[in-house]
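A short write-up of the structure that comes next.
The values are calculated or read from the model by the stated rules, or taken from the named source; none is laboratory data. In this text, all values refer to a predicted model and were calculated from it rather than measured experimentally. Heads up, the Cβs are rebuilt from the backbone with ideal geometry, glycines too, and the neighbour counts pull from every protein chain shown.
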Amino acid sequence: MLKLLYFEFMKPVISVSDLQKTYIMGSEKIHALKSITLDIQKNEYVALMGPSGSGKSTLMNLLGCLDSPTGGEYILNGQQVSTMKDSALAQIRNKEIGFVFQTFNLLPRLSSLDNVALPLIYAGASKKHRRQKAQEVLEAVGLGDRSGHKPNELSGGQRQRVAIARALVNDPAIILADEPTGNLDTKTSIEIMEIFEKIHERGNTVILVTHEPDIAEHAHRIIRLRDGLVEVDIRNENIIKASDPEHHYKSAKNAI
């Protein structure tokens, strides 16, 4: 019985084996992912890195159930998702994964509160629950007093906080962030990375896609891709803590 419980505890939240993705461009085949095999455990903090064309964006789309692989296997929280149809993938995305994008992807005519509440509409939650939950997560990212503001009334950092709140509103197991600081200045980037630290500390699995080494250093594990393959998969021995006052000082000094 103890062995069974231990096995269940150790079972990865994400497990991919020989994952492949090929795109057909006219008469040419583009092998975006040639063969990816890796496991990500519950509550890991992982950075996916790689140059343009390495396959990191393709892998992110597959891990986020935004696309289906050409070959191989993808098991998410014990569910075989690599062969699921689009409708089933949409349900998995809404339940299991929260997305944060570089360009925020907020609807311009909606308030912060309504933007954050959108995933709950798709989940079938009542209006009362949607508003209460959306306000709760906005307060958690420090924007409780901006719930009525539209995106054009917010700074870039505030918009990203709204996007993070939207990612959290369904209580997903996994937060998948694609270049979340790409459009932000150094000071604001540190503030956003501090939020990701708190998300990880509360028990979420965080997968961060970035091309910036200093951002990747916040993660506990760094996976580098090249030419559709895993080039490096290492534990980060020099984790940067955004909450460390010394880090704020060094970053401010480097920005001068």
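For the stretch 202-234, enumerate the residues that are exposed (fewer than 15 other Cβ atoms within 10 Å of the Cβ) and either of a type in the set (S, T, N, Q) or closer than 18 Å to I97 by Cβ (or both).
R202, G203
Please state which of the following conditions R226 fails to meet, knowing it meets all the rest: (1) in contact with a helix residue (DSSP H, G or I) (Cβ under 9 Å, 6 or more places away or on another chain); (2) farther than 21 Å from L113 by Cα.
Condition (1) is where R226 drops out.
Please verify whether the stretch 100-112 includes one or more residues that are among the aliphatic types (A, V, I, L, M) and over 20 Å from I195 (Cβ atoms).
Yes; the residues of the stretch 100-112 include at least one that is among the aliphatic types (A, V, I, L, M) and over 20 Å from I195 (Cβ atoms).
Scan the stretch 83-103 and give yes if some residue there is assigned to a loop (DSSP other than H, G, I, E, B), within 20 Å of A173 (Cα to Cα) and not aliphatic (A, V, I, L, M), otherwise no.
Within the stretch 83-103, the first condition is being assigned to a loop (DSSP other than H, G, I, E, B), and the residues that meet it are 83-85, 102-103.
Next cut, within 20 Å of A173 (Cα to Cα) only: 84.
So of that shortlist, the ones also not aliphatic (A, V, I, L, M) come out as none.
No, because not a single residue in the stretch 83-103 is assigned to a loop (DSSP other than H, G, I, E, B), within 20 Å of A173 (Cα to Cα) and not aliphatic (A, V, I, L, M).
Going through the stretch 169-185 one residue at a time, which ones are in a loop (DSSP other than H, G, I, E, B), surrounded by 17 or more Cβ atoms within 10 Å (Cβ to Cβ) and not acidic (D, E)?
Within the stretch 169-185, V169, N170, P172, A173, P180, T181, L184 qualify.
If you scan the stretch 111-142, which residues turn out to be out of contact with any Ser or Thr (no Cβ under 9 Å at 6 or more places or on another chain), over 16 Å from I97 (Cα atoms) and assigned to a loop (DSSP other than H, G, I, E, B)?
Scanning the stretch 111-142 gives G124, A125, S126, V141, G142.
Could you check the stretch 159-184 and list, in sequence order, the residues that are more than 10 Å from the chain's Cα centre (by Cα) and of a type in the set (A, V, I, L, M, F, W, C)?
Selection gives V162, A163, A165, L168, V169, A173, L184.
Need pairs with beta-carbon distance below 6 Å; first residue among the basic types (K, R) and within the stretch 215-235, second in a strand (DSSP E or B) and surrounded by fewer than 15 Cβ atoms within 10 Å (Cβ to Cβ); sequence gap 6+ or separate chains.
Hits for this filter: R221/R235; R224/E231; R224/V232.
Inside the stretch 119-133, can you point out the residues that are touching a residue at least 24 places away in the same chain (Cβ under 8 Å) and buried (at least 17 other Cβ atoms within 10 Å of the Cβ)? Before you say what the answer is, go through the steps one by one.
In the first step, residues of the stretch 119-133 are kept if they are touching a residue at least 24 places away in the same chain (Cβ under 8 Å); the result is 119-120, 122-123, 133.
Listed by number, the residues that qualify are P119, L120, K133.
Can I164 be described as surrounded by 20 or more Cβ atoms within 10 Å (Cβ to Cβ), over 21 Å from P108 (Cα atoms), touching a helix residue (DSSP H, G or I) at 6+ places or on another chain (Cβ under 7 Å) and at pLDDT 95 or above?
Values: surrounded by 20 or more Cβ atoms within 10 Å (Cβ to Cβ): yes; over 21 Å from P108 (Cα atoms): no; touching a helix residue (DSSP H, G or I) at 6+ places or on another chain (Cβ under 7 Å): yes; at pLDDT 95 or above: yes.
Taking the combined requirement at face value, the residue does not satisfy it.
Return a yes/no flag: does the stretch 186-201 have any residue that is surrounded by 20 or more Cβ atoms within 10 Å (Cβ to Cβ), of a type outside the set (S, T, Y) and part of a loop (DSSP other than H, G, I, E, B).
Within the stretch 186-201 (the criterion being surrounded by 20 or more Cβ atoms within 10 Å (Cβ to Cβ), of a type outside the set (S, T, Y) and part of a loop (DSSP other than H, G, I, E, B)), the answer is no, since none of the residues qualifies.
Scan the stretch 134-162 and report the pairs whose first residue is in contact (Cβ under 8 Å) with a residue 12 or more places away in the chain and whose second residue is hydroxyl-bearing (S, T, Y) and outside any helix (DSSP H, G or I), with Cβ atoms within less than 7 Å and a gap of 6+ or a chain change.
So the pair list comes out as Q135/S147; L138/S147; S147/S111; G148/S111; H149/S111; K150/S111.
Return the total of residues in the stretch 25-55 being modelled with pLDDT under 95 and β-branched (V, I, T).
Within the stretch 25-55, residues that are modelled with pLDDT under 95 and β-branched (V, I, T) number 1.
Please enumerate the residues belonging to the stretch 198-210 that are out of contact with any Asp or Glu (no Cβ under 7 Å at 6 or more places or on another chain) and under 24 Å from L225 (Cβ atoms).
First, pick out the residues of the stretch 198-210 that are out of contact with any Asp or Glu (no Cβ under 7 Å at 6 or more places or on another chain): 198-204, 206-208.
Within the stretch 198-210, I199, H200, N204, V206, I207, L208 qualify.
Filter the stretch 190-237 for residues that are closer than 25 Å to V162 by Cα and of a type in the set (D, E); which is nearest to the chain's Cα centre (by Cα)?
My answer is E197.
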